[in-house]
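Visitor: Have a look at the structure that comes next, please.
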Amino acid sequence: MRQAAHTLAVATRGAGLHEFTREVVAWTGGQGMQTGLLTLFCRHTSASLLIQENADPDVART
């Protein structure tokens, strides 16, 4: 089984919701794997990860 690791730094200007889907998709797409497991780890005590699958078009509206 092949494994890959990467550190993604997200620069922010304070609290808020910060979208980094494009960066994750670009990295995973460049790995050349067809199936697998992606684990995201937020290394900050006050950070949380919001996962949404964009199944409902209303969710993507701001």
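Visitor: Only one of these conditions is not met by residue 45: (1) exposed (fewer than 10 other Cβ atoms within 10 Å of the Cβ); (2) modelled with pLDDT of 85 or more. Which number is it?
Guide: Status for residue 45: all satisfied but (2).
Visitor: While we're looking at this one, here's another question. Here are some residues: 19, 23. Which one is acidic (Asp, Glu), at pLDDT 80 or above and not in a loop (DSSP other than H, G, I, E, B)? Before the answer, list the steps.
Guide: Numbers: 19 fails: not in a loop (DSSP other than H, G, I, E, B).
Result of the check over 19, 23: 23.
The values are calculated or read from the model by the stated rules, or taken from the named source; none is laboratory data. Values in this document were obtained by computation on a predicted structure and should not be read as measured data. Here the Cβ is made from the backbone with ideal geometry for all residues, glycine too, and neighbour counts use every protein chain on show.
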